[in-house]
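What follows is a single structure, written as structure tokens, with notes after it.
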Amino acid sequence: MTIKLAQCFIAVDDHDKALAFYRDILGMEVRNDVAFEGMRWVTVGSPAQPDVEIVLEPPLANPNASPADKQAMAELLAKGMLRGVIFSTDDCDATFERIRAAGGEVLQEPIDQPYGVRDCAFRDPAGNMLRFNQPRKR
């Protein structure tokens, strides 16, 4: 039996801004962008991983949620408290420079971590923390 990751979810408050970031800055492919049950179903993925997708979803993708719940989720998203994603890269410093030059919000410049990676961090347009790491050379 084989189990592999197929999709993960990142909350976004504006699909167009998210697409501009994930597609145009990070280089992700848009795999789906369709209307679905009154919402927009958008998935992106790395060309290097054709079988893994990131679903860019509204902060509370539940049509039965109360207005208070929707507001609470929007506030958590704005604070960057909902989700984080870690991407691997073969060159952390070059990735950092490319994202920073494109206007990415820097949270952490590249540093060597004690757990064996060199990494950096940004916020996406919705406020989610994204880390980019590469194994440290030993």
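Taken together, the values in this text are just the output of simple stated rules run on the coordinates, not laboratory data. Being a predicted model, the structure only gives us computed values, none of them experimental. Cβ coordinates were reconstructed from backbone atoms using ideal geometry, including for glycine residues, and neighbour counts include every protein chain displayed.
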> What is segment 59-138's relative contact order, in percent, from Cα pairs under 8 angstrom and six or more apart in sequence?
Replying inline: 31
> How about segment 18-93: which trypsin sites (Lys or Arg not before Pro) there lie in a loop by DSSP and see at most 10 other Cβ atoms within 10 Å?
Replying inline: LYS79
>> Could you derive backbone 3J(HN,Hα) for segment 125-131 from the dihedral phi with the Karplus parameters 6.51, -1.76 and 1.60 (θ = phi - 60°), listing whole Hz in sequence and x where the residue is Gly or Pro?
In response: x, 8, x, 5, 7, 10, 10
> Taking only DSSP H segments of four or more residues, each worth -39500 (n - 2.57), what value at 222 nm results for the chain once the sum is divided by all its residues, to the nearest 500 deg cm²/dmol?
Replying inline: -5500 deg cm²/dmol
>> Explain nothing, just compute: Karplus ³J(HN,Hα) = 6.51 cos²θ - 1.76 cosθ + 1.60, θ = phi - 60°, for every residue of segment 114-121 in order, whole Hz, x for Gly and Pro.
In response: x, 9, x, 10, 9, 9, 9, 9
> Taking only the alpha-carbon positions of segment 7-135 and ignoring solvent, what does the Debye formula give for the base-10 log of I(q)/I(0) at q = 0.10, 0.11, 0.18 Å⁻¹?
Replying inline: -0.33, -0.40, -1.00
> Can you work out ³J(HN,Hα) from phi for every residue in segment 36-41, in order, using Karplus 6.51 cos²θ - 1.76 cosθ + 1.60 and θ = phi - 60°, giving whole Hz and x for Gly and Pro?
Replying inline: 8, 6, x, 10, 10, 9
>> Explain nothing, just the number: relative contact order of segment 7-135, from Cα pairs under 8 Å at least 6 residues apart, as a whole percent.
In response: 24
> To the nearest 10 degrees, how steeply does helix 92-101 sit against the main Cα axis of the chain, on a 0 to 90 scale?
Replying inline: 50
> Taking amide hydrogens as modeled 1.01 Å from N in the peptide plane, which residues meet the under 5 Å criterion relative to GLU57, leaving out close sequence neighbours?
Replying inline: ILE10, ALA11, VAL12
